[in-house]
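Quick one: structure below, then a few questions.
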Amino acid sequence: MKGLVKLLLFSMFGASIAPCMLLAAPDWKCLQPALKEELNRKLIFQDDFAELVSAERPEFADVAQLGADVSKINFEMRLSRITWLWNDEPSRLSDPEDLWVFAWSDADMTKWLEANPDNLSSFERFDELQASLSGHPSLPEFRSYVSDNKAVSPYLELYSAFGEDIRSDRNKVANCF
């Protein structure tokens with residue numbers, strides 16, 4: 001009899017928390033395409049931005065493209081890290097905010113790098129591009145130009161459209177939870 005009571009209590013408790021557990025766990029079949037869509041939007045923005053700068057200020061074309069390349073590989077690695085976390089420790093991705101601001105330790109980095117040879121290649125390429133960008137002689141002038149013109153047409157339109165699209169993408173991601 002005691003066993004039956006325990007079983008009943010356990011099943012009632014389980015039934016009451018099961019919907020909460022289902023709400024907290026994202027649907028990877030929903031999440032993966034939504035994250036890829038967000039990534040693609042970011043990659044397109046980087047290309048559009050580099051193209052716009054190159055048209056407006058041709059002397060910044062190479063540094064703008066280098067900056068776009070650095071950002072694009074960083075965004076690609078971010079999605080790779082999220083995918084790795086999903087496969088390795090999905091409990092760390094229980095909330096949409098976990099996708100945009102996740103704690104990333106040195107141990108995580110080591111495991112991620114070891115998980116797939118492509119991860120190490122991407123990371124090495126990122127470091128190489130970042131070093132080239134940091135050492136680019138036009139970088140200070142380029143940053144100043146971008147800062148001075150981010151609220152001026154046509155940059156304002158590009159940033160505004162991108163911001164609206166990213167908000168929409170993030171809502172799609174959040175709806176997977």
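Which stretch or stretches of the stretch 66-97 have amide N atoms under 20 Å from the point lying 7 Å from Ala131's Cα along the Cα→Cβ direction?
66-75, 77
Then there is this: Determine the calculated [θ] at 222 nm for the chain from helices alone, applying -39500 (n - 2.57) to every DSSP H run no shorter than 4 residues and normalising by the residue count; nearest 500 deg cm²/dmol.
The per-residue figure over the chain is -27500 deg cm²/dmol.
What are the extents of the Cα atoms of the chain along their three principal axes, listed from largest to smallest and rounded to whole Å?
83, 36, 22
Then there's this: Using the heavy atoms of the protein chains and a 1.4 angstrom probe, tell me the accessible area per residue for the chain in square angstrom.
60 Å²
Percent relative contact order of the chain, based on C-alpha pairs within less than 8 angstrom and at least six residues apart?
Value for the chain: 35 percent.
Same structure again: Mind giving me the nanometre distance, one decimal, between the label points for Asp118 and Asp27, set 7 Å out from Cα along Cα→Cβ?
2.6 nm
Once you have a ≥ b ≥ c as the square roots of the Cα gyration tensor eigenvalues for the stretch 127-177, tell me rounded if a/c is under 1.5, and otherwise prolate or oblate according to whether a/b is larger than b/c.
Oblate is the answer for the stretch 127-177, as a/c is 1.5 or above yet b/c matches or exceeds a/b.
Over 19 Å between Cα atoms: which of Lys42/Lys72; Lys42/Lys172; Lys36/Lys111; Lys36/Lys72; Lys72/Lys172 fall into that group?
Lys36/Lys111; Lys72/Lys172
Let me ask something else. Hey, got the dipole for the chain? About the Cα centre, +1 on K and R Cβ, -1 on D and E Cβ, debye to the nearest 20?
Dipole about the Cα centre, nearest 20: 1060 debye.
Helix 61-88 sits at what angle to the longest principal axis of the chain, using alpha carbons and giving 0 to 90 degrees rounded to 10?
10 degrees
If I build a Gaussian network model for the chain, linking alpha-carbon pairs within less than 10 angstrom, which residue out of Ser54, Ser105, Ser94 has the largest mean-square fluctuation?
Of Ser54, Ser105, Ser94, the Gaussian network model singles out Ser105 as fluctuating most.
For the stretch 73-164, just say rounded, prolate or oblate: build the C-alpha gyration tensor, square-root its eigenvalues into a ≥ b ≥ c, call rounded for a/c under 1.5, and beyond that prolate if a/b exceeds b/c, oblate if not.
Oblate shape, in that a/c is at least 1.5 and b/c is the bigger or equal ratio.
Please give the peptides 38-47, 59-68 ranked by average Cβ packing (other Cβ atoms within 10 Å per residue), highest first, as a rough proxy for protection.
Ranked by mean Cβ neighbours within 10 Å, highest first: 59-68, 38-47.
Could you work out the relative contact order of the stretch 58-147, using alpha carbon pairs under 8 angstrom and six or more residues apart, expressed as a whole percent?
Averaging sequence separation for qualifying contacts and normalising by length gives 47 percent for the stretch 58-147.
Towards the positive end of the charge dipole of the chain, with charges on Cβ (+1 Lys, Arg; -1 Asp, Glu), say which of Ala151, Ile73, Asn116 has the farthest Cα.
Result: Asn116, furthest along the dipole toward the positive end.
The values are calculated or read from the model by the stated rules, or taken from the named source; none is laboratory data. Not measured: the values here are computed from a predicted model. When we count neighbours, we look across all protein chains shown, and the Cβ atoms used for this are built from the backbone with ideal geometry, even at glycine. Areas reflect the complete protein model, heavy atoms only, side chains present, ligands, DNA and RNA absent. Shrake-Rupley method; radii C 1.70, N 1.55, O 1.52, S 1.80 Å.
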